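Below: one structure, written as structure tokens.
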Amino acid sequence: MKKITVAKGDGIGPEIMDATLEIILAAGAKIEIEEIEVGEKVYLSGNTSGIANSSWDIIRRNKIFLKAPITTPQGGGYKSLNVTTRKFLGLYSNVRPCRSLHPFVSTKHPVMDVVIVRENEEDLYAGIEHQQTDEVVQCLKLISRPGCEKIVRYAFEYARQQNRKKVTCFTKDNIMKQTDGLFHKVFDEIAKEYPEIENEHWIIDIGAAKLADSPEAFDVLVMPNLYGDVLSDVAAQITGSVGLAGSANIGEECAMFEAIHGSAPRRAGQNIANPSGLLQGAIMMLNHIGQSDVAEKVQNAWLKTIEDGIHTYDIFKEGVSKEKVGTKEFAKAVIARLGQKPQVFPAVHYDKNIPMVLPKYKKKQPAKKELVGVDVFVHWNGTSAEEIAALVQKMNFSEVKLSMITNRGIKVWPEGFEETFCTDHWRCRFKPKEGRSFSKADIIELLSRASHLDIDVIKTENLYFFDGVQGFSLGQGQ
Ligand code: NAD
């Protein structure tokens, strides 16, 4: 018996949660339910996070959280409960299966069946943003080795458990050689541990185009946070059935399962909402807690119900559907089919003998780290690269010299193009002469000189080699 935390949420939440629980309990789920209150009532009682501290205790103790959609009240100041939960509980993996239900739900992609595994904690979503000059703001894209290893391993373990044949990685590492480059490198490393699963990498732009055009070419997809955010919505939409998808948010300790849709307040209390999205979340939960036999039974019964034409209003179509039912009747129809297999859709088979192996990240031996120079970022209002070069060259000393200036990454000195548009944000790279070492004291000397010269330094970035491998990008055109 596994104890789980359940939140019935707002709007249609309580109805679809009741239906979902009724189905999985009828299928033999060995769960004990502990209910908490989250969402609108909690927000409106003055708690801006939508969840009480005592509820956090319960979620953390039970570790498994099945959550119905909630209503975030209008107006500022209310924090998204989903984002808070993801960040607080370290839910690094967002898993969203997107399958079409042709011919019962119309779609341009009748044989689509992909699962998007999205990194959920880092990338541009760290929210580290700064305005640095009048004209330039920045957002730091942070990609970590543990973050990459955890998400890529999750994708392969998921594929193995779910009998899937291929894992595809999407990145833009032709441009972002360090950040996306690390994600791709870790993907290649971990893929080798799963020789029975095919693996491939696509550059995100052409990969996304292919996904939108021929999704049947993909199986499991793994990608960094931002790409995953965008593409998981695209993928759900093109199945033709956003209202039928569920998602899982998985961490090392805890996991949260839900529908991808919201609380649909206008449909609340009328016994008309489709419980399928939350049911899909619950099926992922059952797989996650090792009750794959129950998950399989529920999924096959649900597929059979859909192909028997028993449909809620949102997917009901004259000529295709057989019977329009409410939330409760839909649940009863699924329960009546427990033990049956679909005839049109392939029946699913989850192998309960394959538990996921998700070891905690072990820190690696630190590399030999060598400081080889520094990028000094300067706010300067002129437009001539030659002029700013003459100014910052006054910071040169002994054998430490200005070696390059870029503007938004494009090399403008030495030998820049007059046509290159320049903002007020200049990166000035200082390096020692060949053979001379470089130290933090050199950076302090450079900054001290800048200060005396009244040069407006906005930040510095150290240039390192790690075990002899260059850890920074070149200027574009360098
Ligand atoms: P929504 O997903 O609630 O509704 C969009 C449309 O889909 C509506 O027409 C709705 O009637 C329909 N719909 C959604 N789920 C359905 C279901 N199960 N059965 C039948 N029809 C369904 O999106 P929205 O209207 O933009 O948002 C409503 C509220 O939900 C907002 O307060 C929003 O903040 C919240 N929301 C919560 C979550 C979450 O808790 N995870 C996610 C998204 C939105």
Report the residue count in region 221-242 for those that are over 24 Å from Gln178 (Cα atoms), within 16 Å of the ligand (Cβ to nearest atom) and open to solvent by 30 Å² or more (accessible area, probe 1.4 Å). 4
Under the condition of being open to solvent by 70 Å² or more (accessible area, probe 1.4 Å) and under 23 Å from Gly246 (Cβ atoms), which residue from region 34-56 is nearest to the ligand (Cβ to nearest atom)? Glu37
Taking the conditions exactly as written (of a type in the set (Lys, Arg), under 33 Å from the mean Cα position of the chain (by Cα) and either under 30 Å from Pro414 (Cβ atoms) or not assigned by TED's automatic domain parsing to the domain that holds Ala29 (or both)), does Lys362 satisfy them or not? yes
List the strands (runs of 3 or more DSSP E) inside region 123-171, counting only whole elements, that have at least 3 residues being in contact with an Asp or Glu (Cβ under 9 Å, 6 or more places away or on another chain) and open to solvent by 30 Å² or more (accessible area, probe 1.4 Å). 137-139
Counting just the residues of region 110-122 that are open to solvent by 30 Å² or more (accessible area, probe 1.4 Å) and in contact with an Asp or Glu (Cβ under 8 Å, 6 or more places away or on another chain), which one comes out nearest to Lys364 (Cα to Cα)? Asp113
Which listed residue is away from the ligand (no atom under 16 Å from the Cβ), over 34 Å from the mean Cα position of the chain (by Cα), surrounded by fewer than 20 Cβ atoms within 10 Å (Cβ to Cβ) and at pLDDT below 95, from Ser398, Ser403: Ser398
Counting only residues that are of a type outside the set (Gly, Ala, Ser) and near the ligand (Cβ under 10 Å from one of its atoms), region 57-84 contains a total of 10
Being at pLDDT 95 or above, in contact with a helix residue (DSSP H, G or I) (Cβ under 7 Å, 6 or more places away or on another chain) and within 13 Å of the ligand (Cβ to nearest atom): is that true of Gly28 here? no
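Among the residues that make up region 368-377, is at least one of them part of a loop (DSSP other than H, G, I, E, B) and open to solvent by 60 Å² or more (accessible area, probe 1.4 Å)?
Yes.
Please work out if Ile70 is crowded, with 18+ Cβ neighbours inside 10 Å, outside the structural domain of Pro224 (by TED's automatic domain parsing) and in contact (Cβ under 8 Å) with a residue 40 or more places away in the chain.
Judged against the criteria, Ile70 is a match.
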Read through the list (1) within 30 Å of Glu15 (Cα to Cα); (2) touching a helix residue (DSSP H, G or I) at 6+ places or on another chain (Cβ under 6 Å), then give the number of the only condition that Trp380 fails. (1)
Hits in region 85-108 - residues which are closer than 30 Å to Gly309 by Cα and within 15 Å of the ligand (Cβ to nearest atom): Val95, Arg96, Leu101, Val105
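The values are calculated or read from the model by the stated rules, or taken from the named source; none is laboratory data. It should be emphasised that the depicted structure is a prediction, and the values quoted were computed from it without experimental measurement. Backbone-built Cβ (ideal geometry, glycine too); neighbour counts: all protein chains shown. When the accessible area is computed, the model is the full protein with side chains, heavy atoms only, and any ligands, DNA or RNA have been set aside. Shrake-Rupley method; radii C 1.70, N 1.55, O 1.52, S 1.80 Å.
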